[in-house]
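**Student:** One structure, pasted below without further comment.
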């Protein structure tokens, strides 16, 4: 990632955390989450801000990479290690990730395009089928000095756990 992209993401992350999940500017009004993931090869911890679609008890994100011909690094990292944490609002939630396929992918991508029409252009520009990723709260918890929510407490389910 270029320094300018890393700096941009860092500003989004700081604003997200300072405002309990809300950011302004070009992302004002867009639901955002922070995806915690580790490099598939490097194992380096990373945080990536992503727009999402709430779908029942899950969160749906797209690996559009701004219309680039390749998938974003976080996509490969989730394929290697699907159980990660996300931050939504002021909560940290343990999730399991999976790629939507077939009719489910078509339905979810269609819903996303209704809200974010630029995704159609991204998919056309990229020359690839843009992956749709479903993030589902799970009982898995990786505590690293943070509080995690187990089982989707952000939607009134589950329970909060805290690190020692």
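The values are calculated or read from the model by the stated rules, or taken from the named source; none is laboratory data. Note that the structure is a prediction, hence the values are computed from the model and not measured. Cβ sites come from the backbone with ideal geometry, for glycine too, and all protein chains shown count toward neighbours.
**Student:** Could you grab me the full set of residues in the range 69-91 that are in contact (Cβ under 8 Å) with a residue 60 or more places away in the chain and assigned to a loop (DSSP other than H, G, I, E, B)?
**Tutor:** If the condition is that a residue be in contact (Cβ under 8 Å) with a residue 60 or more places away in the chain and assigned to a loop (DSSP other than H, G, I, E, B), then 71, 89, 90 are the ones that fit.
**Student:** Do we find that residue 85 is touching a strand residue (DSSP E or B) at 6+ places or on another chain (Cβ under 8 Å) and within 16 Å of residue 137 (Cα to Cα) in this structure?
**Tutor:** Numbers: touching a strand residue (DSSP E or B) at 6+ places or on another chain (Cβ under 8 Å): yes; within 16 Å of residue 137 (Cα to Cα): yes.
In short, yes.
**Student:** Still on this structure, I have one more. Do we find a residue being touching a strand residue (DSSP E or B) at 6+ places or on another chain (Cβ under 7 Å), farther than 18 Å from residue 113 by Cα and modelled with pLDDT of 95 or more anywhere in the range 24-34?
**Tutor:** Of the range 24-34, the ones touching a strand residue (DSSP E or B) at 6+ places or on another chain (Cβ under 7 Å) are 30-34.
Right, trim to farther than 18 Å from residue 113 by Cα and you get 33-34.
If we keep only those that are modelled with pLDDT of 95 or more as well, we get 33-34.
Yes, the range 24-34 contains at least one residue that is touching a strand residue (DSSP E or B) at 6+ places or on another chain (Cβ under 7 Å), farther than 18 Å from residue 113 by Cα and modelled with pLDDT of 95 or more.
**Student:** Next question. If you go through the range 92-123 one residue at a time, how many are surrounded by fewer than 16 Cβ atoms within 10 Å (Cβ to Cβ), touching a residue at least 40 places away in the same chain (Cβ under 8 Å) and farther than 14 Å from residue 52 by Cα?
**Tutor:** Within the range 92-123, residues that are surrounded by fewer than 16 Cβ atoms within 10 Å (Cβ to Cβ), touching a residue at least 40 places away in the same chain (Cβ under 8 Å) and farther than 14 Å from residue 52 by Cα number 1.
**Student:** Could I ask something else about it? So for the range 15-23 (the condition being assigned to a strand (DSSP E or B) and either farther than 18 Å from residue 133 by Cβ or touching a strand residue (DSSP E or B) at 6+ places or on another chain (Cβ under 8 Å) (or both)), does at least one residue qualify? Give the derivation first.
**Tutor:** Here is the first cut: in the range 15-23, the residues assigned to a strand (DSSP E or B) are none.
No, the range 15-23 contains no residue that is assigned to a strand (DSSP E or B) and either farther than 18 Å from residue 133 by Cβ or touching a strand residue (DSSP E or B) at 6+ places or on another chain (Cβ under 8 Å) (or both).
**Student:** Which condition breaks for residue 66 when tested against (1) in contact with a helix residue (DSSP H, G or I) (Cβ under 9 Å, 6 or more places away or on another chain); (2) outside any helix (DSSP H, G or I); (3) surrounded by fewer than 16 Cβ atoms within 10 Å (Cβ to Cβ)?
**Tutor:** Going through (1) in contact with a helix residue (DSSP H, G or I) (Cβ under 9 Å, 6 or more places away or on another chain); (2) outside any helix (DSSP H, G or I); (3) surrounded by fewer than 16 Cβ atoms within 10 Å (Cβ to Cβ) one by one, residue 66 breaks only (2).
**Student:** Which of the residues that make up the range 28-56 are out of contact with any helix residue (DSSP H, G or I) (no Cβ under 7 Å at 6 or more places or on another chain), surrounded by 11 or more Cβ atoms within 10 Å (Cβ to Cβ) and not in a strand (DSSP E or B)?
**Tutor:** 30, 31, 52
**Student:** Still on this model: Is it true that some residue in the range 136-156 is at pLDDT 75 or above, crowded, with 20+ Cβ neighbours inside 10 Å and more than 19 Å from residue 67 (Cβ to Cβ)? Before the answer, list the steps.
**Tutor:** So in the range 136-156, the residues at pLDDT 75 or above come out as 136-138.
Adding the requirement that they be crowded, with 20+ Cβ neighbours inside 10 Å leaves 137.
From the residues that got through so far, the ones that are more than 19 Å from residue 67 (Cβ to Cβ) too are 137.
Checked against the condition, which is being at pLDDT 75 or above, crowded, with 20+ Cβ neighbours inside 10 Å and more than 19 Å from residue 67 (Cβ to Cβ), the range 136-156 yields at least one hit.
**Student:** Those residues that are surrounded by 15 or more Cβ atoms within 10 Å (Cβ to Cβ) and without any contact (Cβ under 8 Å) to a residue 12 or more places away in the chain, I need them from the range 13-22; list them, please. If you could, list the steps in order and put the result at the bottom.
**Tutor:** The initial filter retains those residues of the range 13-22 that are surrounded by 15 or more Cβ atoms within 10 Å (Cβ to Cβ), namely 13, 15-16, 21-22.
Across the range 13-22, the qualifying residues are 15, 22.
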